[in-house]
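Trainee: Let me begin by handing over the structure; questions about it come next.
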Amino acid sequence: MCGIIGIVGEKEATPLLVEGLKRLEYRGYDSSGIATLSNGHITRCRAKGKLANLEKKLEKKSLEGTTGIGHTRWATHGAPTEDNAHPHATEKVAVVHNGIIENYATLKAELEKLQCRFETDTDTEVIAHLITHYLKQGMSPQDAANTALDRLEGAFSLAIIFAGEHDLLIGARHGTPLAIGYGEGEMYLASDSYALAPLTKKICFLEDGDRVEVRRQSAKIYTNDNKPVTREIRITAQSGANTGKGAYSHFMLKEIHEQPAVIGDTLNSFINPSTGKIHIPEEILTALKKTPRLTLIACGTAFYACQVAKYWFEQIARVPCEIDVASEFRYREAPMPKGGVALFVSQSGETLDTLEALRYCKKQDQTILSIVNTIESTIERESDMVLHTLAGPEIAVASTKATTCQMATLACLALATAKINGSINAKQEQEMTMALRHIPATAAKIISDDSAIKEIAQDIGKAAYVLYLGRGSLFPVAMEGALKLKEVSYIYAEGYAAGEMKHGPIALIDENVPIVALSPGSDPLFEKTASNIQEAVARGGKVLLISDAEGAGKLSKLTKWNVELGHVHPFVMPILYTIPVQLLAYYVAITKGTDVDQPRNLAKSVTVE
């Protein structure tokens with residue numbers, strides 16, 4: 001989602017703004033721009049497409065000034081054009097905005113009657129004109145901004161600069177994140193602490209409804225009813241090092257290859273290396289032991305990780321579970337049980353749908369447990385208890401290493417819950433813990449032996465439609481595989497429970513439809529999946545079987561392609577079988593020539609509903 005960076009200081013702002021925008025690229029964007037104050041006047045430079053396009057324009061059009069704002073835009077209102085790129089400005093005000101102004105049409109109509117001339121299709125431009133209108137009425141910048149902010153409806157964060165005000169930057173948070181950075185004679189605003197990491201370690205996260213006046217030496221925070229308030233200034237743990245691709249051609253491939261290490265780091269944070277025992281904070285296990293129901297809520301890829309976890313919690317830990325996609329959950333006004341635990345999973349910790357579902361559950365007196373990858377996120381700060389995945393910064397929009405780290409964390413949580421519930425014995429606990437500890441080595445072998453997937457991708461890339469099938473805990477992996485293929489290759493794909501194929505999707509199967517079947521021979525459900533594969537082949541379908549030696553041997557005469565993995569314990573099967581479907585999506589995208597790291601229309605951190 002859109003990224004914001006703002007600076008008021010003593011050094012030239014443009015290079016710092018561009019560097020901040022580079023660190024916000026991972027959020028996904030389709031245009032970018034910066035505005036600075038030069039001799040009291042607002043100067044702007046904007047460009048469609050990648051940040052490199054903005055840098056080229058800045059080589060020809062240098063923006064001077066020590067105060068400025070920058071933005072990476074993910075289009076909501078209006079096409080991704082240069083005219084629609086932020087910052088939006090009048091002669092008096094420049095604004096960058098993350099979120100959506102829901103009542104912009106009403107405000108725009110009102111302003112047009114006052115002879116305001118609009119030049120873009122965006123909702124953001126309304127903010128600049130509205131503040132300008134109040135400035136023309138003689139209001140101070142602070143009063144004009146506050147009066148305008150009081151009229152905005154929706155979820156948004158803003159950074160605003162004013163002509164002639166070189167020592168003033170105004171920010172506001174209403175639903176989407178915004179952080180203040182404290183420097184020496186220089187102050188900052190940004191969408192997240194990652195963008196500020198090279199500039200300062202002293203960070204303050206605004207809370208919902210906060211507004212701030214930022215000057216070179218200070219920041220004054222107040223609530224939306226104009227009451228001064230103090231927020232904690234903390235030392236961030238974010239790294240200031242800019243993440244590069246290294247020797248890899250894409251961040252997605254780099255992050256796939258990082259999985260053995262980061263899954264290992266995540267597991268080691270929960271598993272004692274000397275005793276082999278899983279350690280989860282006691283307060284979390286106590287809540288899970290007492291709960292009458294665990295509600296798992298997430299969006300996108302994280303939702304599929306939760307679907308895998310539902311099998312673990314119910315089969316192994318014997319905890320009743322409900323799972324919901326965050327964007328639908330709160331609108332059906334679900335009744336929540338007394339003593340219930342709601343578990344939220346988010347890579348960014350800022351996903352607005354997930355955050356709003358969390359707030360609904362808090363109002364229903366649920367204990368809030370979250371699993372996040374980005375430290376110091378809003379979801380973390382609003383949760384009762386938190387577990388961290390240690391995937392590190394994930395730059396590619398399509399999640400890979402964060403997903404498998406989420407699954408690894410959920411597996412540890414389910415196993416520890418099973419132990420405290422007495423639903424497994426010591427031998428089973430030891431066996432499953434050992435299976436978890438073997439994941440990094442097995443993952444490394446899968447990733448290093450990807451030649452078959454590379455070759456198969458050449459054929460899959462010619463398809464218009466691909467069907468993924470799985471049973472049990474591999475059913476969510478089939479849906480995740482289909483999502484990855486859609487995200488990065490733009491080929492339409494669907495993931496189905498294999499037994500459901502005959503209830504509809506079988507009508508789509510012919511000789512042009514590849515079927516990706518996930519079914520190890522060691523799986524107790526293998527024979528049932530094998531019968532579904534036979535049904536597909538009988539109708540001309542070409543099957544790619546991802547299996548082990550046992551499964552491949554049994555079905556080699558039926559399948560067109562095979563990807564053979566080593567023997568995998570059923571408990572960790574979904575984590576490891578996620579990796580080949582990631583690789584398949586990546587290599588198919590390469591054959592299609594798409595933008596693998598930043599697919600069209602997608603954003604990394606979705607902070608609007």
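The values are calculated or read from the model by the stated rules, or taken from the named source; none is laboratory data. None of these values were measured; they are calculated from a predicted model. Heads up, the Cβs are rebuilt from the backbone with ideal geometry, glycines too, and the neighbour counts pull from every protein chain shown. Remember, those area values only see protein heavy atoms, side chains included, never the ligands or the DNA or RNA. Shrake-Rupley method; radii C 1.70, N 1.55, O 1.52, S 1.80 Å.
Trainee: Within the stretch 321-337, how many residues turn out to be outside any strand (DSSP E or B), closer than 23 Å to T404 by Cα and open to solvent by 40 Å² or more (accessible area, probe 1.4 Å)?
Mentor: 1
Trainee: Let me ask something else about it. Looking at the structure I just gave you, is A418 closer than 17 Å to Q315 by Cα, assigned to a helix (DSSP H, G or I) and more than 25 Å from the chain's Cα centre (by Cα)?
Mentor: Answer is yes for this residue.
Trainee: Read through the list (1) in a helix (DSSP H, G or I); (2) more than 25 Å from the chain's Cα centre (by Cα), then give the number of the only condition that G472 fails.
Mentor: (1)
Trainee: Look at the stretch 1-30 and say how many of its residues are farther than 17 Å from A195 by Cα and within 19 Å of the chain's Cα centre (by Cα).
Mentor: Total meeting the criteria: 1.
Trainee: Only one residue in P177, P198 is in a loop (DSSP other than H, G, I, E, B), open to solvent by 10 Å² or more (accessible area, probe 1.4 Å) and either of a type outside the set (K, R) or touching a helix residue (DSSP H, G or I) at 6+ places or on another chain (Cβ under 8 Å) (or both), so which one is that?
Mentor: None of the other options fit; the residue is P198.
Trainee: Something else now. Where residues in the stretch 375-434 are hydroxyl-bearing (S, T, Y) and touching a strand residue (DSSP E or B) at 6+ places or on another chain (Cβ under 7 Å), which of them is nearest to S473 (Cα to Cα)?
Mentor: Here the residue is T409.
Trainee: Shifting gears a bit: I'd like the full set of residues that are in a helix (DSSP H, G or I) and open to solvent by 10 Å² or more (accessible area, probe 1.4 Å), limited to the stretch 338-378.
Mentor: Once the filter is applied, which keeps residues that are in a helix (DSSP H, G or I) and open to solvent by 10 Å² or more (accessible area, probe 1.4 Å), the stretch 338-378 yields D353, E356, R359, Y360, K362, K363.
Trainee: Go through the stretch 525-554 and give me each residue that's open to solvent by 40 Å² or more (accessible area, probe 1.4 Å) and under 16 Å from G472 (Cα atoms).
Mentor: Of everything in the stretch 525-554, those that are open to solvent by 40 Å² or more (accessible area, probe 1.4 Å) and under 16 Å from G472 (Cα atoms) turn out to be L525, E527, K528, S531.
Trainee: Considering only residues that are open to solvent by 40 Å² or more (accessible area, probe 1.4 Å) and over 27 Å from T66 (Cα atoms), which ones fall in the stretch 208-227?
Mentor: D208, N224, D225, N226, K227
Trainee: Run down Y465, Y492 and say which single residue is touching a Pro at 6+ places or on another chain (Cβ under 9 Å), open to solvent by 10 Å² or more (accessible area, probe 1.4 Å) and either among the hydroxyl-bearing types (S, T, Y) or under 26 Å from S531 (Cβ atoms) (or both).
Mentor: Y465
Trainee: Among the residues of the stretch 44-60, what is the count of those that are under 14 Å from V96 (Cα atoms) and either open to solvent by less than 50 Å² (accessible area, probe 1.4 Å) or of a type in the set (A, V, I, L, M, F, W, C) (or both)?
Mentor: 2
Trainee: Among the residues of the stretch 404-411, is any modelled with pLDDT of 95 or more and within 13 Å of the chain's Cα centre (by Cα)?
Mentor: yes
Trainee: Kindly indicate the residue of the stretch 19-45 that is part of a loop (DSSP other than H, G, I, E, B) and of a type in the set (G, A, S) and also modelled with the lowest pLDDT among those meeting that condition.
Mentor: Going through the qualifying residues, I end up with G28.
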